[in-house]
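The values are calculated or read from the model by the stated rules, or taken from the named source; none is laboratory data. Keep in mind that this is a model prediction, so the values were computed, not measured. Positions of Cβ are generated from backbone atoms using ideal geometry, with glycine treated the same way; all protein chains shown enter the neighbour counts.
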Amino acid sequence: PGGAHETDVIIIGAGPCGLFAVFELGLLGVKTHLIDIQAKPGGQAAELYPEKPILDIPAIKSITGEQLTKQLLEQIEPFGGKFHMNEMAVSLDNTPDGKWSIATDMGTTVTAPVIVIAAGGGSFQPKKPPIPGVEDFEGKSVFYAVRERSAFEGKNLVIAGGGDSALDWTLNLQPIAKSITLVHRRPDFRAAPDSVEKMHALANEQKIDFEVAQITGLKGINGQISAVSVENEKDGAYDIPCDTLLAFYGLTMKLGPIAEFGLNLTENRIEVDTEKFETSVPGIFCIGDMAAYPGKLKLILSGFHEAALMSHGAFHYVFPDRKLKFQHTTSAKGLQAQLGG
Ligand code: FAD
């Protein structure tokens, strides 16, 4: 993270529509950078239903959210879009030479003549755990996401939650943390069975602790926790000493900072035309679930179509002096060499 970058088009959101936009823009010779607050691309398909079959992607009988993401990444790979993952696009500015600049919460800036908002239902944001007084410790010793793994090296960690994030980070941080106690209110998990098995194996080897308990409070001063207070039927109330709590209680989607970008909104979505999918501000486009226009369907296939039309509009900002030459991929020799067709 960090640094100043320049490109042709900045895509906010690496969900299915943002990913396919890399392809459609790439066909026209337009370079892209993508920004997403999530650790991995794929948006809702990767985060909310990775294992569910999607049955309405044209010409594909059935494909899971995870596999769709993988295949999109393979398809766009030749165009070399640069990913800034784990970063939230927080502000939009004009540059003196008439371009746009997006800054992220991790200190990265990207400048380009065009912005494409493919932010879906908004940015995924962690749900707060219902622990009294948790605000006093947030961002200091209580975290709801891992932005940099190395920040947890040598820590005495309590990890709370029963989904994939809690399990994945228990397994992933175990080699570098000083100690890990996984706390979940029930003995069963909503996570991949393989991860659950691996977690139990680590607990049997006493490399981590696993406690079935409800978190009731935090102990500590000046933002630094010293223990997590828990209780369960068997042992009553007790404290687990630690210096860091990672709580994974699920995600919600919020429009977030994009609401402040000065674009015309309808019910928290961004108004666009249906010719180019451009917003009320020239040079800023919006595609996918975030786009609002009469008859909009929140479907992946609609977002793919929107990406194609947006690309033709964006081209003229990126190359104001060039004429767009429309080509089919079946007959474009240069593209075939690049895409391996
Ligand atoms: P998203 O997939 O929502 O991705 C947007 C990305 O933008 C996210 O990763 C988010 O973190 C990121 N983002 C937002 N704001 C910021 C910011 N400020 N900074 C950084 N990153 C940001 N559709 C179908 O066509 N067929 C189906 O069968 C189907 N089944 C579904 C089942 C479920 C359970 C759900 C929830 C949805 C389903 N959908 C289906 C809908 C489909 O998932 C969406 O239409 C699609 O994901 C929209 O893609 P998108 O790229 O517009 O946005």
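Miscellaneous remarks
- The test for being in contact with a Ser or Thr (Cβ under 7 Å, 6 or more places away or on another chain), within 11 Å of the ligand (Cβ to nearest atom), of a type outside the set (A, V, I, L, M, F, W, C) and closer than 22 Å to Lys254 by Cα holds for Glu87.
- Residue ID - nearest to the ligand (Cβ to nearest atom), chosen from residues in region 289-322 that are in contact with a strand residue (DSSP E or B) (Cβ under 7 Å, 6 or more places away or on another chain) and hydrophobic (A, V, I, L, M, F, W, C): Ile300
- Of the residues Asn232, Asn222, Asn204, the single one that is surrounded by fewer than 18 Cβ atoms within 10 Å (Cβ to Cβ), in contact with a Phe, Trp or Tyr (Cβ under 9 Å, 6 or more places away or on another chain) and more than 28 Å from Glu47 (Cβ to Cβ) is Asn232.
- Any hit, region 302-318, residues being farther than 26 Å from Ala145 by Cα, part of a strand (DSSP E or B) and not charged (D, E, K, R): no
- Thr170 polar (S, T, N, Q), at pLDDT 95 or above, assigned to a helix (DSSP H, G or I) and closer than 22 Å to Pro126 by Cβ: yes
- Residues that are touching a residue at least 12 places away in the same chain (Cβ under 8 Å) and under 19 Å from Gly283 (Cβ atoms) number at least 3 in the following helices (runs of 4 or more DSSP H) confined to region 1-119: 16-27.
- Among the residues listed as Lys254, Lys234, Lys298, Lys276, the single one being in contact (Cβ under 8 Å) with a residue 60 or more places away in the chain and either among the basic types (Lys, Arg) or within 30 Å of Ile57 (Cβ to Cβ) (or both): Lys254
- Sole exception among (1) of a type in the set (Gly, Ala, Ser); (2) under 22 Å from Leu251 (Cα atoms); (3) surrounded by fewer than 24 Cβ atoms within 10 Å (Cβ to Cβ) for Gly13, by number: (3)
- Criterion: of a type in the set (D, E, K, R), away from the ligand (no atom under 15 Å from the Cβ) and in contact with a Leu (Cβ under 9 Å, 6 or more places away or on another chain) - qualifying residue of Glu271, Glu278: Glu271
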